[in-house]
Amino acid sequence: MATRKSSKATARTRDRSATEERILAAVGEVLARDGFGAIGVNAIAREAGVDKVLIYRYYGGLPELLQVWGASGRFWPSVDELLGDDAQAMLQRPVAERYALFFERFIDALRQRPLTLEILAAEIVERNELSAILETEREQWGAQAETLLGGDEFKRRPHLRGITLLWVAGVQYLLVRARKIRVFGGVDLGSDAGWAVFKASLRKTAQLLFAPEADGTGAAPPEAARRRSRGPKARE
């Protein structure tokens, strides 16, 4: 009897997991196809092929469902995903290498999420309380990524934060643009070779930004500059 009850409970768990998977998949489909203006419990339920009562039962309502969806990794790559299978090895890399590799993985992760690119494009012209939920998810992601990317370097060189934000925004813009316009500045945005151009530029930028004797602007630290100005005899 106990075994039979256990089997039924396991089956119900599997059924619920499968239903939740369909619901979460439906959220992305509706958002990408119809935009935030059309998102709602009824639309998601129809897309998932489930009774809308289950959405309320499992999640509580639409805002809560969007929060779960936003945090699920379907919309935005998590920091853990970008760190890779061996997070400790990634974090032990030199900061310039860690910075470049993180961005390379960020580019690849967004390229693999066409639904995300559709949603990013829709957000530009349509903002509401539901899109704000996804914004919050990305802001939290950004804070976590910043700590892992630069750590003390970002504290010592505050301008690195702005440079990093420009890179993040630039990657998103180019990927959204590539949905409709394939070439930008002569670079093919639809090819691996095209994105390799940007990755190489980003890697070189990281090396310059985090160079031991640079402050991110190409200038040497004050003490090093003074030693050079005194000439070789003064340094002996």
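Where helices (runs of 4 or more DSSP H) fall wholly inside the range 108-201, no range has 3 or more residues that are hydroxyl-bearing (Ser, Thr, Tyr), buried (at least 18 other Cβ atoms within 10 Å of the Cβ) and modelled with pLDDT of 85 or more. Inspection of the range 94-104 finds no residue satisfying the criterion of being within 15 Å of Glu135 (Cα to Cα), in the same structural domain as Ala143 (by TED's automatic domain parsing) and not aromatic (Phe, Trp, Tyr). Inclusion of Lys204 among residues that are within 15 Å of Glu104 (Cβ to Cβ), touching a helix residue (DSSP H, G or I) at 6+ places or on another chain (Cβ under 6 Å) and either among the basic types (Lys, Arg) or not in a helix (DSSP H, G or I) (or both) is not warranted.
The values are calculated or read from the model by the stated rules, or taken from the named source; none is laboratory data. Everything numeric in this text was worked out from a predicted model, so none of it was measured. Cβ sites come from the backbone with ideal geometry, for glycine too, and all protein chains shown count toward neighbours.
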